[in-house]
Amino acid sequence: MRLVVQRSGPARVRVGDEVIAAIERGLVVLVGVGADDTASDALSMADKVAHLRIFPDADGKMNLDVRQAGGEVLSVSQFTLYGDVRKGRRPNYMRAAEPKTAEALYEVFNEALRRFGVPVQTGRFGAMMQVELVNEGPVTILLDSERVF
């Protein structure tokens, strides 16, 4: 799995004119599922996100995780994280999971976050979405299950 984790103020996801998910503060997580990913990868990545200490404590040091900071997660599926442009200029998505598998693992990831006590809002899998956020810091962390664990 590949994740882009952004510490965020207000964030929301629209599909057409409808706001389908929104948070006031927390993490916006763009979630890409690879063809070789498993439920174990989804669980490990959820554990990493739930406990990632990127929120400031009383001294301004990044020592708090999203729960300790009173935040939420806005989770958005994004297969384009597996776009490979090493050859040519048009992305190749051969390493992205098939939609049925990707959706199932995306749900495993989101449910695992909830089991860790993190409130989770989600985009709509497979939909054309508009994602709006205020990146705080800015703090943006890239996670890849092939490189993290």
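Here are the criteria: (1) touching a His at 6+ places or on another chain (Cβ under 8 Å); (2) buried (at least 21 other Cβ atoms within 10 Å of the Cβ). Tell me which single one D65 does not satisfy.
(2)
Within segment 98-105, identify whether any single residue is loosely packed, with under 15 Cβ neighbours inside 10 Å, over 18 Å from A127 (Cβ atoms) and in contact with a helix residue (DSSP H, G or I) (Cβ under 9 Å, 6 or more places away or on another chain), and answer yes or no.
no
When you scan segment 121-149, how many residues do you find that are among the acidic types (D, E) and in a helix (DSSP H, G or I)?
1
Answer yes if at least one residue in segment 107-121 is more than 16 Å from the chain's Cα centre (by Cα) and over 22 Å from R53 (Cβ atoms), and no otherwise.
Looking for residues that are more than 16 Å from the chain's Cα centre (by Cα) and over 22 Å from R53 (Cβ atoms), one finds none in segment 107-121, hence no.
Against the conditions (1) in contact with a Lys or Arg (Cβ under 7 Å, 6 or more places away or on another chain); (2) surrounded by fewer than 21 Cβ atoms within 10 Å (Cβ to Cβ), where does E18 fall short? Just the number, please.
That leaves (1) as the condition not met.
Take V118 and tell me if it is within 24 Å of V19 (Cβ to Cβ), in contact with a helix residue (DSSP H, G or I) (Cβ under 8 Å, 6 or more places away or on another chain), outside any loop (DSSP other than H, G, I, E, B) and β-branched (V, I, T).
It is false that V118 is within 24 Å of V19 (Cβ to Cβ), in contact with a helix residue (DSSP H, G or I) (Cβ under 8 Å, 6 or more places away or on another chain), outside any loop (DSSP other than H, G, I, E, B) and β-branched (V, I, T).
Can you pull out the strands (runs of 3 or more DSSP E) entirely within segment 1-86 that have at least 3 residues that are touching a residue at least 24 places away in the same chain (Cβ under 8 Å) and touching a helix residue (DSSP H, G or I) at 6+ places or on another chain (Cβ under 7 Å)? Explain how you work it out, then say what you get.
Values: elements: 2-15, 18-23, 26-32, 62-64, 72-77.
Qualifying strands (runs of 3 or more DSSP E): 2-15, 26-32, 72-77.
Only the coordinates and a few stated rules stand behind these numbers; no lab work does. For clarity, every value in this text was computed on a predicted model and none was experimentally measured. Quick reminder, even Gly has a Cβ in these numbers, built from the backbone with ideal geometry, and neighbours come from all protein chains shown.
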